[in-house]
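Accompanying notes for the structure given below.
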Amino acid sequence: MLLTAILVFVAVFGAVVLAALVIAGTAGTEKKQIIERLESLQDSVRRGSREESVSLLREEMLSRIPVINRWLVELDLFPQLRKVLIQGDVPLTLAGLMASSVALAAVGGVACYWRTRALPFSLVMAAAAASLPFVYVWFKRYQRFNRFEELLPQALDLMVNALRAGHSLISAMEMVAREVPEPVGLEFRKTFDEQNFGLDMRDSLTNLARRMPTHDIQIVVTAILIQKETGGNLAEILEKVAHIIRERFRLKRQIRVHTAQGRLTGWILTALPVVLGALMYLKNPVYMSRLWNHPTGIKLMYAAVAMIILGGLTIRKIIRIRV
């Protein structure tokens with residue numbers, strides 16, 4: 001009876017925390033955008049007689065609770081994860097992401113143990129539930145990078161037209177920031193703001209490449225920096241770069257078309273055991289529950305999970321072609 005009460009308390013607590021995070025996730029978006037706009041200024045360097053780091057007074061919000069925020073800033077935990085949150089433009093703080101992961105792990109693990117009474121399997125399900133927020137963040141980052149690559153040729157065409165009309169490179173970036181939708185417009189706005197703060201062109205473009213570590217933007221940044229050192233017609237260079245990026249994007253789409261059958265096969269083979277097991281349990285719970293009530297069944301479940309993961313990774317390795 002005591003164990004049941006504890007499990008109910010943990011499940012309810014996790015559900016409340018998760019609901020609070022969902023409600024609070026929509027708040028503070030404007031403040032987070034301002035903070036992200038200044039994020040790239042943290043590691044920039046100002047070139048002169050000697051290199052000195054640019055230090056702007058910036059209060060980074062890692063949590064909406066002041067005590068936890070101060071503790072996370074002092075410890076500087078998971079810097080790469082914070083970078084992924086900014087790159088994915090996810091309206092969550094680092095503390096919110098960790099809390100949502102813990103809440104999902106508590107709810108999933110307790111619900112699974114309550115149903116199966118198998119502790120090892122419940123721990124596996126808790127770990128799988130805890131990984132869902134991180135999978136969501138990486139998926140948003142992947143979507144944002146794809147959208148950036150799709151809109152980048154349009155931004156380069158706008159820059160080419162502005163340069164041929166007599167505008168400077170900085171003015172062309174401002175036009176891109178004003179006319180091109182996000183995420184290209186937002187990232188170029190950050191670069192333009194860095195120029196207004198007095199950063200060197202090389203530093204601001206390097207920060208752009210760090211915020212959006214895609215091959216296309218690296219090509220653009222490299223082309224601009226080489227032109228600054230060697231000279232030449234920048235409009236013509238950017239026009240050729242835009243053509244290369246369009247052809248590369250078209251090739252990637254063709255590869256996705258040719259590998260669509262393999263991706264669909266991977267999704268079906270991965271989801272088929274889970275869906276089939278759930279349907280069999282709904283049809284005959286007593287028959288299906290022997291799978292996790294018997295020691296041999298638990299071993300078979302572990303083997304099945306391992307084989308599904310191995311098969312999914314193998315198919316992914318086959319169909320993933322880098323361009």
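Looking at the structure I just gave you, is ALA165 on the phi < 0 side of the Ramachandran plot and surrounded by 16 or more Cβ atoms within 10 Å (Cβ to Cβ)? So ALA165 does not fit the description; no.
Scanning segment 216-225 turns up at least one residue that is in the same structural domain as LEU156 (by TED's automatic domain parsing) and either free of Cβ contacts under 8 Å to residues at least 12 places away in the same chain or of a type in the set (Ser, Thr, Tyr) (or both). Output yes when any residue across segment 188-199 is small (Gly, Ala, Ser), surrounded by 18 or more Cβ atoms within 10 Å (Cβ to Cβ), outside the structural domain of LYS317 (by TED's automatic domain parsing) and over 20 Å from the mean Cα position of the chain (by Cα), and no when none is. Checking segment 188-199: not a single residue is small (Gly, Ala, Ser), surrounded by 18 or more Cβ atoms within 10 Å (Cβ to Cβ), outside the structural domain of LYS317 (by TED's automatic domain parsing) and over 20 Å from the mean Cα position of the chain (by Cα). Per the conditions (1) assigned to a loop (DSSP other than H, G, I, E, B); (2) in the same structural domain as ALA162 (by TED's automatic domain parsing), the sole criterion not satisfied by ILE321 is (2).
Within segment 189-203, can you find the residues that are over 14 Å from SER168 (Cβ atoms) and either β-branched (Val, Ile, Thr) or in contact with a helix residue (DSSP H, G or I) (Cβ under 8 Å, 6 or more places away or on another chain) (or both)?
ARG189, LYS190, ASP193, GLU194, PHE197, LEU199, ARG202, ASP203
Looking only at residues in segment 141-150 that are crowded, with 18+ Cβ neighbours inside 10 Å and among the basic types (Lys, Arg), which one is nearest to the chain's Cα centre (by Cα)? If we take residues in segment 141-150 being crowded, with 18+ Cβ neighbours inside 10 Å and among the basic types (Lys, Arg), then ARG141 is nearest to the chain's Cα centre (by Cα).
Screening ALA162 on (1) part of a helix (DSSP H, G or I); (2) more than 21 Å from ILE245 (Cβ to Cβ) shows it passes everything except condition (2). Residues in segment 65-101 that are within 19 Å of the chain's Cα centre (by Cα), over 19 Å from PRO183 (Cα atoms) and not in a helix (DSSP H, G or I) were compared, and the one that is modelled with the lowest pLDDT is LEU77. Of all residues in segment 235-287, exactly one satisfies the criterion of being under 30 Å from ALA223 (Cα atoms), touching a helix residue (DSSP H, G or I) at 6+ places or on another chain (Cβ under 6 Å) and either acidic (Asp, Glu) or loosely packed, with under 14 Cβ neighbours inside 10 Å (or both), namely GLU239.
The values are calculated or read from the model by the stated rules, or taken from the named source; none is laboratory data. Remember, it's a predicted structure, so these values are computed and weren't measured experimentally. Don't worry about glycine lacking a Cβ; one is built from the backbone with ideal geometry, like all the others, and counts go over all protein chains shown.
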